[in-house]
Amino acid sequence: MPAPVLLALESSCDETAAAVCALDGTLLAARVASQADIHRQYGGVVPEVASRNHVLHVRPLVETVLAEAGCALPDVAAFAATAGPGLVSSLLIGTSMAKALAVAEGKPYLAVNHMEGHLLSPFMNGHGPVRPCVSLIVSGGHTLLVRVRAAGEYEILGTTRDDAAGEAFDKIAKMLGLPYPGGPELDKLARQGDANFLDLPRSFMTRGSLEFSFSGLKTAVLYELPKLDLKQPGVLENICASVQTAIVEVLVEKLLRAARRHGEHLVTVSGGVACNSGLRSALRDRCQREGLDLLLADPALCTDNAAMIAFAAVQRFNAGPSNPLDAEVDPNLALA
Ligand code: KG4
Ligand code: ZN
């Protein structure tokens, strides 16, 4: 009989995902069914459409990852699912499936915080164990600076007052006429642009603040746009490069500020925006110059996936407690 494994499901937004990992956290199989093509026509995620598609995808995904991992349901020692934060109607699909499987197999159910999945993802692929660090999570819905003392011991150091970093990328990309989701598109164009083209605000707020604000940047771009001709060669690329640099500079500065303040030598970065090429190279550069260790989540693990949920679930499974089957989903589930 194969060694016991853990099965995890992710359905907090518009990606349905399933993964199987060994109880030491080694990933055995992972699949993501993205709905980006479906939601693109609406310019954003439509919750009702998302949950209906989760229903269609979740069972085939479970069957696929179990087969790819070379195991069957009786080999699963625990079933985990993202219980928040996210869209309630989407969260309910993954959690209901995981609970149903847990009941059928007589195994524990683990409710996982989506942000904890992102937070621990830099420690995957053999970069563990989870250890003290200052961590930046930058996704479509969140911008969080977190102090990690150990797996499960977190302190929020800063968050956004308005838009999340990914939201800023997406909203500005939309203003520029780029397709949804705009972050990756803006990143591609920025690579060919001049970051000094527009003088955009960097919101550091009060000196020493670890809070973020990106709505001023969005407004600044909105005021610049009527003065610019996007059809002129290079203009779009230059705007993208200016926007990206304005966001990246603030993210890097605050992460390093937090690390210095808390005396941590390891910084980690995760979430969809951690795919951004400008952010990755600025982080590598600054951390090297300042003698900090940097763990960046693998790009394949930055955007929503179930592998990170499995990894977070395994940390808790090995520590003991599971969740009751009447555990609710929570659209605003807090990390700490
Ligand atoms: O973590 P994620 O998949 O979903 C949430 O939990 O929100 O993050 C999605 C976000 C979107 O805002 C998307 O535009 C952004 O990550 N993103 C990027 C890049 N790739 C994804 N933003 C900037 N540059 C990228 N290369
Ligand atoms: Zn996410």
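The values are calculated or read from the model by the stated rules, or taken from the named source; none is laboratory data. All values reported here derive from a predicted model rather than from experimental measurement. We place every Cβ from the backbone using ideal geometry, glycine too, and count neighbours over all the protein chains shown. Keep in mind that these areas ignore ligands, DNA and RNA; they rest on the heavy atoms of the full protein, side chains included. Shrake-Rupley method; radii C 1.70, N 1.55, O 1.52, S 1.80 Å.
Failed condition for Ala334, given (1) in contact with a helix residue (DSSP H, G or I) (Cβ under 7 Å, 6 or more places away or on another chain); (2) among the aliphatic types (A, V, I, L, M); (3) assigned to a loop (DSSP other than H, G, I, E, B), with all others met?
Single failed check for Ala334: (1).
Would you mind stating whether Leu228 is free of Cβ contacts under 8 Å to residues at least 12 places away in the same chain, open to solvent by less than 60 Å² (accessible area, probe 1.4 Å) and more than 15 Å from ligand 1 (Cβ to nearest atom)?
In short, yes.
Table: residues versus (1) surrounded by fewer than 23 Cβ atoms within 10 Å (Cβ to Cβ); (2) under 16 Å from Ala17 (Cβ atoms).
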{"site": "Arg59", "(1), (2)": "yes, yes"}
{"site": "Ala80", "(1), (2)": "no, yes"}
{"site": "Val88", "(1), (2)": "yes, no"}
{"site": "Gly94", "(1), (2)": "no, yes"}
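Determine whether the stretch 80-87 contains at least one residue that is in contact (Cβ under 8 Å) with a residue 40 or more places away in the chain, out of contact with any Gly (no Cβ under 9 Å at 6 or more places or on another chain) and closer than 30 Å to Thr219 by Cβ.
Yes, the conditions are met somewhere in the stretch 80-87.
Show the residue pairs that are 6+ apart or on different chains and have beta-carbon atoms under 7 Å apart, the first residue being within the stretch 263-292 and at pLDDT 95 or above, the second being in a strand (DSSP E or B) and charged (D, E, K, R).
His265/Asp293; Leu266/Asp293
Residue-by-condition table, conditions (1) touching a Leu at 6+ places or on another chain (Cβ under 9 Å); (2) within 13 Å of ligand 1 (Cβ to nearest atom):
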site	(1), (2)
Val269	yes, yes
Leu279	yes, yes
Asp293	yes, no
Leu296	yes, yes
Thr303	no, yes
Met308	yes, yes
Asn318	yes, no
Asp326	no, no
Ala336	no, no
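Which number in (1) at pLDDT 95 or above; (2) among the hydroxyl-bearing types (Ser, Thr, Tyr); (3) touching a helix residue (DSSP H, G or I) at 6+ places or on another chain (Cβ under 6 Å) marks the one condition that Ser203 misses?
(1)
Only residues that are of a type in the set (Val, Ile, Thr) and either open to solvent by less than 40 Å² (accessible area, probe 1.4 Å) or modelled with pLDDT under 95 (or both): list them for the stretch 206-223, please.
The answer is Thr206, Val221.
Determine whether the stretch 268-291 contains at least one residue that is within 20 Å of the chain's Cα centre (by Cα) and of a type in the set (Lys, Arg).
Yes: one or more hits.
Restricting the stretch 125-150 to residues that are of a type in the set (A, V, I, L, M) and open to solvent by 10 Å² or more (accessible area, probe 1.4 Å), which is farthest from ligand 1 (Cβ to nearest atom)?
In this case the residue turns out to be Ala150.
Could you tell me which residue of the stretch 163-200 is surrounded by the most Cβ atoms within 10 Å (Cβ to Cβ), considering only residues that are over 22 Å from the mean Cα position of the chain (by Cα) and of a type outside the set (A, V, I, L, M, F, W, C)?
Here the residue is Gly193.
Mind checking which residues of the stretch 17-47 are open to solvent by less than 60 Å² (accessible area, probe 1.4 Å) and either part of a strand (DSSP E or B) or of a type in the set (Phe, Trp, Tyr) (or both)?
The answer is Ala17, Ala18, Ala19, Val20, Cys21, Ala22, Ala29, Ala30, Ala33.
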